[in-house]
Amino acid sequence: MPLLPTGMRRRFVRAYWELRWKQDDPGGPWLDRDVSADIVQAVDGGWFAAGSPAIDVGCGRGDVAAWLASRGFPTVGVDIAPSAIALARKTHGEVPGQLEFVAADVCAEPLPDRRFGVFIDRGCFHQLDTRDRESFARNVAIAAAPGARFLLFVKAFRDGVPIGDPDERDRRTREVEDVFAGSFTIDRIRETHLDRFATLPGLVFWMTRRGE
Ligand SMILES: C[S@@+](CC[C@H](N)C(=O)[O-])C[C@H]1O[C@@H](n2cnc3c(N)ncnc32)[C@H](O)[C@@H]1O
């Protein structure tokens, strides 16, 4: 991303995603995925406290948000692109207090004014400009109840780095720690894929909000 002033950069990002989500086919290999195994395990295993208010950050079409709502988590999906939010509403509908979708830039605007116990980010944080990461983490931390759980999916092992490479794992872990260490502890790290073809490898950070 060129060295644009912050406001201009964020408007550019919004315009980019808005344009993508306006297409009939937004064209990402990350679309049409199943709900990731880590999310299912966090729900089924009780790592996400049953019934906690949940938020899916960078929710896109809202499939994960809708799934969480169907499993009893009152869920809000947030996305920078109003056209993604319109598509999520059209695809899944909205039920106030159970499943809602909100257009917002998580780096620039506060999250909905409530305390969430469950956070999902599958593909948002890792594509942010590094200059926007601190404000992203701050807005997430403000909205997180003490002990809130966060599944953060980030890309890893690309560019010829073999899956499982310990240096890559350390590098990605440092990137996440640099931004979230003040507000979240990392409980475990697992390998994953971030697309429907299982060709885009990544890591999932299972994190818990520090007490206040
Ligand atoms: C790779 S897509 C993943 C979509 C969805 N999470 C999924 O798993 O299918 C990244 C999403 O993050 C959204 N996004 C990017 N920057 C954002 C920001 N600053 N605030 C909120 N959403 C953002 C994009 O519009 C896009 O929908």
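Rule-based calculations on the coordinates, nothing more; no lab input. Please read all numbers here as calculations on a predicted model, not as lab measurements. Positions of Cβ are backbone-derived with ideal geometry, glycine not excepted, and every protein chain shown enters the neighbour counts.
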Discussion item. Give me a comma-separated list of calculated 3J(HN,Hα) values for the stretch 186-196, in order, Karplus coefficients 6.51, -1.76, 1.60 applied at θ = phi - 60°, integers in Hz, x for any Gly or Pro.
Written reply: 8, 8, 7, 10, 10, 7, 8, 10, 10, 8, 6
Practice prompt. Can you tell me how much longer the chain between residue 159 and residue 198 gets when fully stretched, taken as 0.36 nm per residue apart minus their C-alpha distance, in nm with one decimal?
Written response: 12.5 nm
Practice prompt. Would you mind checking which residues have amide H under 5 Å from residue 119's amide H? H placed 1.01 Å from N; only 5 or more apart, or other chain.
Written response: 55, 149, 150, 151
Worksheet entry | Convex hull volume of the stretch 25-82 per residue (C-alpha atoms, cubic angstrom) | 83 Å³
Fill in: Karplus (6.51, -1.76, 1.60) ³J(HN,Hα), θ = phi - 60°, over the stretch 48-59, in Hz, Gly and Pro reported as x
7, 4, 3, x, 5, x, 10, 9, 10, 8, x, 6
Worksheet, complete the sentence: Along the stretch 161-171, Karplus-curve 3J(HN,Hα) (6.51, -1.76, 1.60; θ = phi - 60°) to the nearest Hz, with x for Gly and Pro, reads 7, x, 4, x, 4, x, 5, 5, 4, 5, 4
Worksheet item: Where the Cα atoms of the chain are projected onto their three principal axes, how long is each span, largest first, in whole Å?
Response: 44, 40, 35
Practice prompt. In nm, give the distance between the simple-model label positions of residue 22 and residue 188, each being 7 Å from the Cα along the Cα-to-Cβ direction.
Written response: 4.4 nm
